[in-house]
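As structure tokens, the structure follows; a few thoughts come after it.
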Amino acid sequence: MHSVKVVAWSFVGIRSKQGYQDDLSRVNPVHVVLVGLVSVLLIVVGLIGLVNWVVAK
């Protein structure tokens, strides 16, 4: 769950230096990459669904 929080902060683009250092010491890089890929996939699928829904109206 901590990896999800790290990825969410990275999408927003704001994070204090201390928070960044804490995250680096606690997370597994493989988990962060996997959560990031799944998050991007969900965002892309969501946007495609939204566009299809709007165009269909």
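Observations, loosely collected:
- Residues that are in contact with a helix residue (DSSP H, G or I) (Cβ under 7 Å, 6 or more places away or on another chain) and surrounded by 11 or more Cβ atoms within 10 Å (Cβ to Cβ) number at least 3 in the following helices (runs of 4 or more DSSP H) confined to the chain: 2-12, 29-56.
- Residues that are touching a Gly at 6+ places or on another chain (Cβ under 8 Å) and free of Cβ contacts under 8 Å to residues at least 24 places away in the same chain within the stretch 5-23 comprise just one, TRP9.
- For the stretch 8-31, the candidate set comprises residues that are of a type in the set (A, V, I, L, M, F, W, C) and at pLDDT below 85; within that set, the residue that is farthest from ILE43 (Cα to Cα) is LEU24.
The values are calculated or read from the model by the stated rules, or taken from the named source; none is laboratory data. Computed from a prediction, not measured in an experiment: that's the story for all the values here. Heads up, the Cβs are rebuilt from the backbone with ideal geometry, glycines too, and the neighbour counts pull from every protein chain shown.
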